[in-house]
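First the structure, in the form of structure tokens, and then the observations on it.
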Amino acid sequence: MEKKHCIIVTVVISLVIVFVAVVLEITLGKRTFKQEFEYRCSKFESSKKYNCTEIWHEFEKAYVNRDPCKIPMNAYDSLVAAAPFEHAYNKTLFWSKTKNLVRDLTKNRDDVNLEKTLLGSVLDGLTWCGKMGSSETFTKGCPEWNECVNNPPRSFWNRLSTAFADVACEDVTLILDGSIDTPFNPSTTFATIEVKRIKYPKVKSLTVVIVPQKSNCNSESLKALKSALVQGITYNCKEVTEAKIKKCSSDPKTPIGKCW
Ligand SMILES: *[C@@H]1O[C@H](CO)[C@@H](O)[C@H](O)[C@H]1NC(C)=O
Ligand SMILES: *[C@@H]1O[C@H](CO)[C@@H](O)[C@H](O)[C@H]1NC(C)=O
């Protein structure tokens, strides 16, 4: 009798634990957009203490109660001013269609891509917009990336990319995708924004890194990049195997420049 009792109690306790765990997971997994923003902001590793409440306030001012197709880049000026960059500007890395690869490469290094900055890390992968007559932030029913040019995320990333390219200095690196025909695609953020903002003599050189497949350092697409580059900046191109990049990602003690 005692044993049966014991089993029943154990089963009931286990069920309660599972139930509580499920409820917790659901509530924790369902942060509102604002909660997610503030959570990521507060988690940002930094020597500086950013005021995340103020940053949120500057952020929502850009798009709340506005037509979500009429948010220009400069709507985010005060947000960008409220969260100034603090990375080493001579460790700037750009990417185009190689986001995950670059994320792995810079993960445990002090080299910095846009998604490692405060605002970049807070808004990476998120969608948001406002609506006329509402003071709320929406994550559903927002314009698609290509639906209208001046939608809230697109203008934000363009604005942040501009600021990021403006501070870059010395030798910068650009990681491109060699598995496509046009690794320097004229419609990407790098081509429309960043390449025009990196200036000589602040930036001395641009090193393109590409895993050669469909495209390599001799591709037409890269000739277009070379001519789009501001005069004076030295252009280099390095072909590197995927295996070497992977190896370098798992060995962050190797300076990134030695990876290619
Ligand atoms: C952060 O900013 C908010 C809004 O501007 C302000 O009320 C608050 O006092 C600030 N917090 C700190 C710790 O400075
Ligand atoms: C890069 O900038 C940092 C300061 O942000 C400086 O300490 C370092 O010496 C610079 N590195 C090079 C190679 O110039």
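The values are calculated or read from the model by the stated rules, or taken from the named source; none is laboratory data. Predicted model, so just to flag it, every value in this text is computed and none were measured. Note that we place each Cβ from the backbone using ideal geometry, even for glycine, and neighbour counts take in every protein chain shown. Side chains included, ligands, DNA and RNA excluded: accessible areas come from the protein's heavy atoms. Shrake-Rupley method; radii C 1.70, N 1.55, O 1.52, S 1.80 Å.
Would you mind putting 226-239, 147-160 in packing order, based on average other-beta-carbon counts within 10 Å, highest first?
The packing order, highest mean first, is 147-160, 226-239.
Could I have the simple spin-label model distance between ASN74 and ASP104, label points 7 Å from Cα toward Cβ, reported in nm to one decimal?
4.2
Report the paramagnetic label zone for GLU239: residues of segment 174-198 whose backbone N is under 17 Å from a point 7 Å from Cα along the Cα-to-Cβ axis.
176-184
So what's the back-of-envelope 222 nm ellipticity for the chain, counting only DSSP H runs of four-plus at -39500 (n - 2.57) apiece and dividing by all residues, rounded to 500?
Mean residue ellipticity, 222 nm, calculated: -12000 deg cm²/dmol.
Mind ranking GLU36, GLU45 by accessible surface for me, highest first, 1.4 Å probe?
The most accessible residue leads, giving GLU45, GLU36.
Considering all projection directions equally, how large on average is the shadow of the alpha-carbon convex hull of segment 22-173, in square nanometres?
That works out to 10.2 nm², a quarter of the Cα hull's surface.
What's the extension gain from GLU170 to SER135 if we count 0.36 nm per residue and subtract their Cα-Cα distance?
8.3 nm
Work out, in µm²/s and without decimals, the Stokes-Einstein translational diffusion coefficient of the chain at 10 °C, 1.306 mPa s, Rh from Kirkwood over C-alpha pairs.
Once the numbers are plugged in, D ends up at 76 µm²/s.
Suppose each label sits 7 Å from its Cα in the direction of the beta carbon; what would the ALA88-TRP145 distance come out to in nanometres?
3.1
Roughly speaking, to the nearest percent, how much of segment 112-260's 1.4 Å accessible area is carbon and sulfur?
That fraction is 50 percent.
Rounded to the nearest 5, what % of the DSSP beta bridges within segment 31-253 are antiparallel ones?
About 5 percent, rounded to the nearest 5.
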